[in-house]
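Engineer: Okay, handing you the structure first.
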Amino acid sequence: MDDSACPCREATRSSRSAPLHHRRLADEDAFANRFPEPARSKHLCHVKRHERVSGNELELIEWIRQRTPSHQQMPIGLGDDTALVRCGDGTTLVTTDTLTEGRHFTVPPATPAEIGRKALAVNLSDIAAMAGQPTFAFITLVLPQQRGLSFARELMDGLIATAEEFSVVVAGGDTNVWDGPLVIGVTLMGEPTGSGPVQRSGAVPGDWIMVTGRLGGSLPSGRHLTFTPRVVEAQTLHAACELHAMIDLSDGISTDLGHILDESKIGATIRAAHVPVSPSVPQDLPAEERVQHALNDGEDFELLFTVSPEVGASLLASPPLALPISHIGEITTDSERQLQLPDGRLVPLQAGGWEHCFADPAPE
Ligand SMILES: Nc1ncnc2c1ncn2[C@@H]1O[C@H](COP(=O)(O)OP(=O)(O)OP(=O)(O)O)[C@@H](O)[C@H]1O
Ligand SMILES: Cc1ncc(C[n+]2csc(CCOP(=O)(O)O)c2C)c(N)n1
Ligand SMILES: [Mg+2]
């Protein structure tokens with residue numbers, strides 16, 4: 001399955017109210033959406049050229065959420081980076097994320113060991129987003145028959161080495177072999193640390209919005225396979241100061257910040273000039289295009305968090321991490337999501353990150 005074979009180029013919108021945001025594949029004529037054309041939709045949806053987009057993952061998740069009741073033994077349920085469930089005397093963080101061949105990696109260039117590593121690392125990143133300590137992992141393998149046993153062993157070698165690196169115990173899983181592409185799912189448990197999990201819902205007006213590391217270009221640089229999940233960094237920040245809200249950047253700031261704003265029921269302004277762009281984003285692109293990569297590419301797996309201005313200033317004055325921490329904007333009282341351009345103009349911050357999309361089913 002080759003991503004470049006099935007890009008949906010035509011802008012389509014669902015008949016429902018929520019707009020669909022799509023993004024082009026990296027190898028397409030990317031970033032036609034420059035400032036200040038915020039209304040332009042991008043495409044990264046994987047329906048065939050003649051098909052129309054009929055919905056996306058966010059609409060499905062919201063639909064599922066409406067139908068799944070909360071529970072007394074589940075202080076944090078659907079809607080955050082992990083759930084928090086009561087087990088015996090304590091509480092446990094639980095998350096699950098799946099990688100699919102053709103979407104999250106292609107073989108080559110990804111090696112089996114890198115795929116195994118990434119499958120655990122994306123889940124470690126979700127535990128990090130709650131400032132948790134990862135503990136036990138369960139691995140679901142759906143393996144292509146033709147690649148043989150050695151491929152599967154190399155994949156699990158990569159995963160097990162990553163588990164050791166992060167003191168995670170592999171506690172079980174499931175193995176299927178078939179004649180389709182590779183799918184690998186991981187369910188990861190963890191323990192809350194310090195004052196408890198940092199949720200998406202805790203941002204308040206006036207908060208500074210901060211990010212770790214540098215963003216953009218994770219796919220062409222291969223960083224989406226080799227990134228370090230920010231487990232240690234999240235715990236260090238959590239111990240050093242009061243974090244109001246946190247999320248890991250899997251889909252891109254423009255989309256992931258939206259989840260914090262939705263859950264906290266507030267707005268934000270991001271300053272384009274302060275967004276830390278990774279050197280993986282081509283240096284010869286115009287500055288505004290480089291920022292668009294940092295906002296939308298996704299798979300950076302850095303942390304975005306909000307803190308009071310006093311805490312933010314002290315983090316900049318005495319950085320607790322070896323990684324850079326950047327102050328990229330503020331939480332606002334109204335529900336606006338804005339991007340301040342270097343010349344001071346404010347434009348809407350469009351959710352331009354990754355979204356899984358559905359095609360219209362073919363008529364019978
Ligand atoms: N099929 C599903 N059934 C029940 N809950 C779901 C389902 N898919 C997603 N969720 C829940 O919806 C929320 C958002 O899921 P999503 O996968 O977008 O978050 P994420 O794992 O943090 O992001 P990403 O997958 O991009 O790394 C999470 O709380 C997740 O547990
Ligand atoms: C320029 C560029 N284009 C595409 C990608 C790939 N990508 C970005 S987000 C995402 C899904 C996130 O996971 P989930 O499925 O959990 O939402 C994927 C597969 C990239 N890293 N850079
Ligand atoms: Mg997920």
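Engineer: So if each residue of separation counts as 0.36 nm, and I subtract the Cα-Cα distance between Arg86 and Asp334, what length gain in nm does that give?
Structural biologist: 85.8 nm
Engineer: Out of the total accessible area of the chain (probe 1.4 Å, heavy atoms of protein only), what percent is carbon and sulfur? Can you show the working numbers first?
Structural biologist: Details: 8770 of 16510 Å².
Within the chain, the accessible surface is 53 percent carbon and sulfur.
Engineer: Counting Lys and Arg as +1 and Asp and Glu as -1, what is the net charge of the other residues whose Cβ lies under 13 Å from the Cβ of Ala137?
Structural biologist: -4
Engineer: If you put +1 on each Lys and Arg Cβ and -1 on each Asp and Glu Cβ, how big is the dipole of the chain around its Cα centre, in Debye rounded to 20? Could the numbers behind the result be given before it?
Structural biologist: Working: 28 positive and 48 negative charges, 79 e Å.
Here the size comes out at about 380 debye.
Engineer: Let me ask another. For the chain, what does the helix formula give at 222 nm: sum of -39500 (n - 2.57) over DSSP H segments with n ≥ 4, over the residue count, nearest 500 deg cm²/dmol?
Structural biologist: That calculation yields -8000 deg cm²/dmol at 222 nm.
Engineer: Considering only the other residues whose Cβ falls under 10 Å of the Cβ of Leu323, what net charge follows from Lys and Arg at +1 and Asp and Glu at -1?
Structural biologist: Cβ neighbours under 10 Å give a net charge of 0.
Engineer: Also, I was wondering about something else. Just to be sure I understand: with springs between alpha-carbon atoms less than 10 Å apart, which residue in Thr212, Thr175, Thr111 has the highest mean-square fluctuation in the Gaussian network model of the chain?
Structural biologist: Largest GNM mean-square fluctuation: Thr175.
Engineer: Write down the accessible area per residue of the stretch 59-170 in Å², having rolled a 1.4 Å probe over the full set of protein chains.
Structural biologist: Values: 5340 Å² over 112 residues.
Spelled out: the 1.4 Å probe surface of the stretch 59-170, per residue, equals 48 Å².
Engineer: Also, I was wondering about something else. Which residue, Thr162, Thr228, Thr333, has the most motion in a Gaussian network model of the chain that connects Cα atoms within less than 10 Å?
Structural biologist: Thr333
Engineer: Which listed residue (Pro181, Gly158, Leu323) has the Cα farthest towards the positive end of the charge dipole for the chain, taking +1 on Lys and Arg C-beta and -1 on Asp and Glu C-beta about the Cα centre?
Structural biologist: Of the listed residues, the answer is Pro181.
Engineer: I would also like to ask the following. How large is ³J(HN,Hα) for each residue in the stretch 201-209, as worked out from phi by the Karplus curve 6.51 cos²θ - 1.76 cosθ + 1.60 (θ = phi - 60°), to whole Hz, x for Gly and Pro?
Structural biologist: 8, x, 6, 10, x, x, 4, 7, 9
Engineer: Assigning unit charges at the beta carbon (Lys, Arg +1; Asp, Glu -1) and nothing else, what dipole magnitude in debye, to the nearest 20, does the stretch 81-191 show about its Cα centre? Write out the running numbers ahead of the final one.
Structural biologist: On the way: 6 positive and 13 negative charges, 36 e Å.
Once rounded to the nearest 20, the dipole reads 180 debye.
Engineer: Under 10 Å, Cα contacts only: if you run a Gaussian network model on the chain, which one of Glu299, Glu62, Glu330 comes out with the highest mean-square fluctuation?
Structural biologist: Among Glu299, Glu62, Glu330, the largest mean-square fluctuation in the Gaussian network model of the chain belongs to Glu62.
Engineer: In percent, what relative contact order does the chain have, based on Cα pairs under 8 Å that are 6 or more apart in sequence? Please list the in-between numbers first.
Structural biologist: On the way: 821 pairs, mean separation 77.9, N = 364.
Worked out over the chain, it gives 21 percent.
Engineer: I'd like the trypsin sites (Lys or Arg not before Pro) in the stretch 270-364 restricted to DSSP loop residues with at most 15 other Cβ atoms within 10 Å, sorted by number.
Structural biologist: Numbers: sites: Arg271, Arg290, Arg337, Arg345; in loops: Arg345.
Sites meeting the loop and neighbour criteria: Arg345.
Engineer: Across the stretch 104-115, in residue order, what do the Karplus-derived ³J(HN,Hα) couplings come to in whole Hz, using 6.51 cos²θ - 1.76 cosθ + 1.60 with θ = phi - 60° and x for Gly and Pro?
Structural biologist: In residue order, the calculated couplings are 9, 6, 10, 10, x, x, 5, 8, x, 5, 5, 5 Hz.
Engineer: Using the Karplus curve 6.51 cos²θ - 1.76 cosθ + 1.60 with θ = phi - 60°, work out ³J(HN,Hα) for each residue of the stretch 151-157 in order, rounded to whole Hz, and write x for Gly and Pro.
Structural biologist: Residue by residue, the stretch 151-157 yields 4, 4, 5, 4, 4, 5, 4 Hz.
Engineer: Here's a follow-up. Under a Cβ-Cβ cut-off of 11 Å, what is the net charge of the residues other than Ala128 that fall near it, where Lys and Arg count +1 and Asp and Glu count -1?
Structural biologist: Surrounding charge for Ala128 is -4.
Engineer: 5 Å is the cut-off here: which amide hydrogens, built 1.01 Å from N in the peptide plane, fall below it relative to Asn56, excluding neighbours closer than 5 in sequence?
Structural biologist: Placed amide hydrogens put Phe358 under 5 Å from Asn56.
Engineer: If you don't mind, another one. At a threshold of 8 angstrom on Cα-Cα distance, excluding pairs fewer than six apart, so keeping six or more, what relative contact order does the stretch 212-364 reach in percent?
Structural biologist: Relative contact order for the stretch 212-364 comes out at 38 percent.
Engineer: Show the residues, 5+ positions off or on another chain, whose built amide H is closer than 5 Å to the amide H of Val177.
Structural biologist: Distant-sequence amide H within range of Val177: Leu143.
The values are calculated or read from the model by the stated rules, or taken from the named source; none is laboratory data. The structure displayed is predicted, hence computed values, not measured ones. Backbone-built Cβ (ideal geometry, glycine too); neighbour counts: all protein chains shown. We work out accessible area using only protein heavy atoms, side chains counted, and drop any ligands, DNA or RNA first. Shrake-Rupley method; radii C 1.70, N 1.55, O 1.52, S 1.80 Å.
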